[in-house]
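Below you'll find the structure, written out as structure tokens, and then a few comments.
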Amino acid sequence: MPSGARAAFRRLTFSVYAPAVCIAIGYQATLILLPLLVLEVGGGPAAAAAVLGMRGIGTMISDLPSGVAVTRLGDKITMVAGIVLVAVACTGIALAGTPWMLGAFALVLGAGFGALMLGRLNYVARQCPVAYRGRAITLLAGIQRVGLFVGPAAGGLVAEVYGYPVAFVAAALLNVAGLVLIAIFVRRSRVRARGGSQPHGAVIARILRDHRREFTRGGIASVSMQFVRSARQVLIPLWGEAIGLDAASIGLVFGLSSAVDAAMFYPAGRLMDFRGRKWSLVPSLAILGASLALMPFTSTFWTYLAVALLAGIGNGFGTGIIMALGADLSPRTNRGEFLGVWRLLGDTGHAAGPFVFSAVTGVFALGATLGLAGAVGFAGAAVSAWLVPETLRRRPPPPESPAGGPGPGPTS
């Protein structure tokens with residue numbers, strides 16, 4: 001590994017990766033425990049789904065304000081504020097006794113995590129040149145996937161032995177541990193914004209106007225990717241139930257698929273940095289689309305497993321790709337607002353997916369919904385291959401000043 005890459009990864013070890021381990025375990029535990037807690041306090045399945053939906057809405061609501069905060073206050077303050085919100089939400093969930101209170105704290109949970117993610121992405125974009133950024137971001141995404149394994153298992157065990165309140169307090173404490181690391185190892189910076197005295201709405205409108213090509217082309221890829229990822233999470237388990245598999249078998253298959261997914265983060269990062277971002281983006285969308293289109297043709301455990309593993313490979317190919325594209329396309333001035341809009345596009349695709357799946361399945365059938373999701377994957381791959389620019393070919397900018405302001409030269 002070149003000395004520049006080693007230096008970049010050393011800078012991120014305690015400022016990004018170590019906090020991400022703590023935060024990912026705690027946050028992923030909440031995702032599996034929250035709907036179960038809704039049932040525990042007297043809500044039904046519909047209430048549990050609504051509470052999880054509030055988390056997604058919270059993330060979407062926070063995207064644009066978090067982008068403004070990154071530019072005006074700096075990425076460190078944005079990350080710290082996000083973690084504080086997550087810790088407060090986890091503590092509030094531990095004390096809540098009704099579904100509507102859980103929904104309110106779930107909204108705060110999603111908003112805090114969205115602010116943390118955006119601040120962290122901006123920080124990584126500042127610290128890593130384009131040539132090393134793919135590996136840096138895929139390692140971060142790989143840590144998130146490790147949290148997906150460890151968090152639910154550990155959280156479920158704590159909830160079973162000590163109760164749900166203790167499990168959510170433990171999640172809050174893990175986030176506090178991440179906050180301490182960020183407070184110590186992330187140097188505070190403030191990105192100087194062009195037109196900093198303008199109203200936030202005017203700045204965002206200018207970002208949309210000046211970067212409409214990036215948002216139009218890259219945004220299609222982002223929305224498509226998040227849509228098919230949502231389909232993988234929602235539709236593949238439902239198809240397992242439709243062909244008569246029990247919950248244990250479906251869980252085993254999805255766990256194996258996720259293991260293959262997690263194992264792909266390093267190859268995906270090298271592919272992005274040595275061949276180009278599109279070498280990760282296009283195969284990921286195409287393979288995910290193929291797996292979703294093939295799923296209706298499975299009828300046994302083994303065929304179901306084979307296609308689910310294919311979906312894991314496809315998702316693994318795209319590890320961190322949306323974050324990497326957003327970081328590459330973002331300008332040095334008002335980068336925070338740009339990334340806020342970028343994340344909002346992707347979050348919209350992820351949030352809209354379940355509603356589209358519900359509507360199509362209600363009118364047609366689950367197999368048709370899988371076919372539609374597969375077609376979106378293929379269409380996204382085609383658009384990405386022909387229209388999305390290859391951002392790795394851009395010449396990396398000079399390092400930013402210690403204060404975090406933009407140096408001379410082209411955008412990154």
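Projecting the Cα atoms of LEU310, ALA125, ALA183 onto the charge dipole of the chain, computed from C-beta unit charges around the Cα centre, puts ALA125 farthest toward the positive end. For region 318-332, backbone phi angles converted through the Karplus equation (6.51, -1.76, 1.60; θ = phi - 60°) give residue-by-residue couplings of x, 4, x, 5, 5, 5, 5, 4, x, 5, 5, 7, 5, x, 6 Hz, Gly and Pro being listed as x. Positive contributions from Lys and Arg (+1) and negative ones from Asp and Glu (-1), summed over other residues with Cβ under 14 Å from the Cβ of GLY142, come out at +2.
Whole-Hz Karplus values for region 355-368 come out as 5, 5, 4, 4, 5, 5, 5, x, 8, 10, 7, 4, x, 5 Hz, taken residue by residue from phi with 6.51 cos²θ - 1.76 cosθ + 1.60 and θ = phi - 60°; glycine and proline positions read x.
Accessible area per residue (1.4 Å probe, heavy atoms of protein chains only) ranks HIS200, HIS211 as HIS200, HIS211, with the largest value leading. Helical runs (DSSP H, four residues minimum) scored at -39500 (n - 2.57) apiece and divided by the length of the chain put the mean residue ellipticity at 222 nm at -27500 deg cm²/dmol. Taking a sphere under 12 Å around the Cβ of LEU208 and counting the other residues whose Cβ falls inside, with K and R at +1 and D and E at -1, yields a net charge of +1. Computed packing ranks the peptides 270-277, 121-128 as 121-128, 270-277, most packed first, by mean other Cβ atoms within 10 Å. How many percent of the accessible area of the chain is carbon or sulfur, using a 1.4 Å probe? C and S fraction of accessible area: 72 percent.
Using the heavy atoms of the protein chains and a 1.4 angstrom probe, tell me the accessible area per residue for the chain in square angstrom. Dividing the accessible area of the chain by its residue count gives 40 Å². Ratio of Rg to Rh for region 215-342: 1.05 [Cα atoms; Kirkwood radius as inverse mean 1/r over pairs].
A Förster distance of 51 Å, applied to the separation of the beta-carbon atoms of THR303 and VAL84, puts the FRET efficiency at 0.60.
The values are calculated or read from the model by the stated rules, or taken from the named source; none is laboratory data. Remember, it's a predicted structure, so these values are computed and weren't measured experimentally. As a convention, Cβ positions derive from the backbone with ideal geometry for all residues, glycine included, and neighbour counts pool all protein chains shown. Ligands, DNA and RNA are excluded from the accessible area calculation, which covers all protein heavy atoms including side chains. Shrake-Rupley method; radii C 1.70, N 1.55, O 1.52, S 1.80 Å.
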